[in-house]
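Student: The structure is given below, and queries will be raised subsequently.
Values in this text are rule-based calculations from the coordinates and carry no lab data. Computed from a prediction, not measured in an experiment: that's the story for all the values here. Positions of Cβ are backbone-derived with ideal geometry, glycine not excepted, and every protein chain shown enters the neighbour counts.
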Amino acid sequence: MSTGRKFLVTGGAGFIGSAVVRRLIAHTPHDVLVVDKLTYAGNLDSLAAVANDSRYFFERADIADASTMRQIVSRFSPDVILHLAAESHVDRSIDGPGDFIQTNIVGTFSLLQAALEHWRALPPGRREAFRFHHVSTDEVFGSLGADGYFSEDTAYRPSSPYSASKASSDHLVHAWRHTYDLPVVITNCSNNYGPYQFPEKLIPLMIVNALEGKPLPVYGTGANIRDWLHVEDHAEALVMVAERAASGANYNIGGHNEYSNLSVVKLICTMLDELAPEAAIGRRENLISFVTDRPGHDARYAIDASKIANELGWRPRNTFETGLRETVQWYLDNQLWWSRVQSGIYRGERLGVAI
C-alpha cells in the first residue's frame, strides 16, 4: 500500500516526462499515472525500468480529448497533475504549427478544465495540497543579447510557433489561478539533454549521425548559444517543485552551462572519436556541414536559476562536459533503443525550412 501522493504525469513517455516518472518511482513513495498519446516522441521503452512497479500506471490518451481527460482525472483522483505533454520541436512547429496549437494550447485548456472540476470536488485538506504543475520552456522569453539572463520576471517575447504555443499555455495556467483560484505552479527550463532523448534534437541527432558517418548539419555559423540542463537534474527539480512549491509560484530551471551549438557539436565529435573510433569515418569533426539558418532563430538563451536555489535548495549536479560524456556513452550502449525509435516519421531529415 503506497503511503505517498498520487501524481498524474502527462507526456510521461516522452524524454523529460519519462525521466520524471523514473525518478518518482525510484526515489519517492508516490503512485504515478502516466497519460501519453504516444506520438512519434513518446516511447514506452523509456519506461521499461518502472513498468512492472505496483505504483506505476499507464493510460494512452490525448490531453486535447476533454471528455477522456475528465474521466481519467476523476478515476485516478490525483493530488498533483504534472503537465509535460507538449509538441516541443521548434523545426516541426515551423513546418506544421497546427499540431502545436492543438496539443499545447487546446490540450492545456482541456486539462485545466478537468483539473478544476476535480479540485473543486476534493475535501478541504486535499484541496489545499493539490497542485497543477505546468512545465514550460525558456523559449517563451525570446532571445537574449550577449549579456543578461532570463528571470521569473522576464517579459514574454516568443518568436516561433512552438514558443508562442507554450507562452499561450503559460498564460492559460496563470489565468486559471487568478480567475478560478486553481492551485498552480509553473516552471520554465533551459535546453535539456541526456539519455532517452528522441534523435531529432541537436545532441542526440549529432551523436547518432556521427556514429553512422552521416553529415552533422549546423544552422548558420553555429554561434547560437543555449544553456544546457541535464534531464536528470531537471527531473529532480520538477519533483521538488511539485512536492514543495506554494500555489502561484514560478521557477526558472537552468543548468548554468552556456555553449554555442558549434562547440557542442565539436565536443560530441571529440568524445566519439575517443570512445568509438571508426577508421572508415575518420575525424567526426569533418562531418560538420553548415546549413541555412532556421527562420527566426533565437541568438541566446540563459537562465538565472537563483530563485529555485534560494527557496528550494535545488542546484544542478552535472557539469555539461561530464553530463555530455555520460550521454554519449549512453547512446553508444543503447543502440537498440534509438534504432527502435527511428521510424518513417523521422529519419534525421532537415526540418524547419518553411511552412
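Student: Taking all pairs of distinct Cα atoms, average 1/r, flip it, and tell me the Kirkwood hydrodynamic radius of the stretch 162-235 in Å to one decimal place.
Tutor: Working: mean 1/r = 0.0654 Å⁻¹.
That comes to 15.3 Å for the stretch 162-235.
Student: Estimate the FRET efficiency between residue 38 and residue 77 by the formula 1/(1 + (r/R0)^6), using the beta-carbon distance for r and 30 Å for R0, to the nearest 0.05. Working shown, then result.
Tutor: Numbers: r = 24 Å, r/R0 = 0.79.
Efficiency, from the Cβ-Cβ distance: 0.80.
Student: Taking only Cα atoms of the stretch 1-155, what ratio of Rg to Rh do you get with Rh as the Kirkwood inverse-distance radius? Provide the component values of the computation, followed by the final result.
Tutor: Details: Rg = 16.5 Å, Rh = 16.6 Å.
Dividing the radius of gyration by the Kirkwood radius yields 0.99.
Student: Find out how many positive minus negative residues lie around residue 246, taking Lys and Arg as positive, Asp and Glu as negative, among other residues whose Cβ is under 12 Å from that of residue 246.
Tutor: Values: positive: 131, 177, 244; negative: 128, 243, 311.
Once positives and negatives cancel, what remains is 0.
Student: Run the reach check for residue 201 against lysines, Cα to Cα strictly under 24 Å, same-chain hits fewer than 8 apart removed. What comes back?
Tutor: Answer for residue 201, where 24 Å is the Cα cut-off: 37, 166, 214, 266, listed by chain and number.
Student: Students often get this wrong: which residues of the stretch 147-181 have the backbone nitrogen under 17 Å from the point 7 angstrom along Cα-to-C-beta of residue 102?
Tutor: Answer for the stretch 147-181: 162, 165-166.
Student: Using 1/(1 + (r/R0)^6) with R0 = 25 angstrom and r between the beta carbons of residue 121 and residue 60, what's the FRET efficiency to the nearest 0.05? Write out the running numbers ahead of the final one.
Tutor: Values: r = 25 Å, r/R0 = 1.01.
Calculated transfer efficiency: 0.50.
Student: Further question: Which of rounded, prolate, oblate describes the stretch 234-314, given a ≥ b ≥ c as roots of the alpha-carbon gyration tensor eigenvalues and a/c under 1.5 marking rounded, otherwise prolate only if a/b is larger than b/c?
Tutor: Verdict is prolate for the stretch 234-314.
Student: Continuing with the same structure: What share of the DSSP beta bridges in the stretch 208-346 is antiparallel, in percent to the nearest 5? Walk me through the intermediate numbers first.
Tutor: Values: 4 of 9 bridges.
Around 45 percent of the beta bridges assigned by DSSP in the stretch 208-346 are antiparallel ones.
Student: Ranking 269, 189 by Cβ neighbours within 10 Å, fewest first, what do you get? Spell out each step's value before the answer.
Tutor: Numbers: 269 20, 189 25.
Arranged by neighbour count, lowest to highest, 269, 189 become 269, 189.
Student: Hey, fewest Cβ within 10 Å first, where do 62, 233, 181, 138 land in order? Let's see the in-between values first.
Tutor: Numbers: 62 19, 233 22, 181 14, 138 26.
If I rank by nearby Cβ atoms, fewest first, I get 181, 62, 233, 138.
Student: Using only the Cα atoms of the stretch 1-71, build the gyration tensor, take square roots of its eigenvalues as a ≥ b ≥ c, and label the shape rounded, prolate or oblate: rounded if a/c is under 1.5, else prolate if a/b is larger than b/c, else oblate.
Tutor: On the way: a/c = 2.21, a/b = 1.29, b/c = 1.71.
The shape class here is oblate.
Student: Over the Cα atoms of the chain, how large are the radius of gyration and the largest Cα-Cα distance (Dmax), in Å?
Tutor: 19.8, 67
Student: Among residues other than residue 330 whose Cβ falls under 14 Å from its Cβ, what is the net charge (Lys/Arg +1, Asp/Glu -1)? Mind dumping the intermediate values first?
Tutor: Working: positive: 22, 325; negative: 45, 232, 326, 333.
In short, -2.
Student: ³J(HN,Hα) across the stretch 243-251 via Karplus (A = 6.51, B = -1.76, C = 1.60, θ = phi - 60°), whole Hz, x for Gly/Pro?
Tutor: Calculated HN-Hα couplings, in order: 7, 10, 6, 6, 4, x, 6, 9, 9 Hz.
Student: Enter the angle in degrees (range 0 to 90, nearest 10) between the Cα long axis of helix 161-180 and the first principal axis of the Cα atoms of the chain, meaning the one along which they spread out most.
Tutor: 20
Student: Using alpha carbons only, how many degrees (0 to 90, rounded to 10) separate the axis of helix 320-333 from the longest principal axis of the chain?
Tutor: Once rounded, one gets 80 degrees.
Student: Follow-up question, since we're still on this one. Under 10 Å, Cα contacts only: if you run a Gaussian network model on the chain, which one of 253, 94, 16 comes out with the highest mean-square fluctuation?
Tutor: The residue with the greatest mean-square fluctuation here is 94.
Student: If you wrap a convex hull around the Cα atoms of the stretch 164-206, how much volume per residue is inside, in Å³?
Tutor: On the way: hull volume 4.2 nm³, N = 43.
In the stretch 164-206, the Cα hull volume divided by residue count equals 99 Å³.
Student: Where Lys and Arg each count +1 and Asp and Glu each count -1, what net charge lies around residue 233 among other residues with Cβ under 14 Å from its Cβ? Write out the running numbers ahead of the final one.
Tutor: Working: positive: 22, 23, 315, 317; negative: 227, 232, 236, 326.
Charge balance in the 14 Å sphere: 0.
Student: Name the shape class, rounded, prolate or oblate, that the alpha-carbon gyration tensor gives for the stretch 113-170, where a ≥ b ≥ c are the square roots of its eigenvalues, rounded holds for a/c under 1.5, and otherwise prolate holds if a/b is larger than b/c and oblate otherwise. List each step's numbers first, then the result.
Tutor: Working: a/c = 5.25, a/b = 2.39, b/c = 2.20.
Prolate.
Student: What are the equivalent ellipsoid semi-axes of the stretch 85-201, built from the alpha-carbon gyration tensor (square roots of five times its eigenvalues), in whole angstrom, biggest first?
Tutor: Equivalent-ellipsoid dimensions as semi-axes: 27, 17, 14 Å.
Student: With a 10 Å Cβ neighbour count serving as the proxy for reagent exposure, in which order, fewest first, do 27, 134, 297 appear?
Tutor: Values: 27 11, 134 27, 297 16.
The fewest-first ordering by Cβ neighbours comes to 27, 297, 134.
Student: Using alpha carbons only, how many degrees (0 to 90, rounded to 10) separate the axis of helix 66-76 from the longest principal axis of the chain?
Tutor: Orientation of helix 66-76: about 70 degrees from the principal axis.
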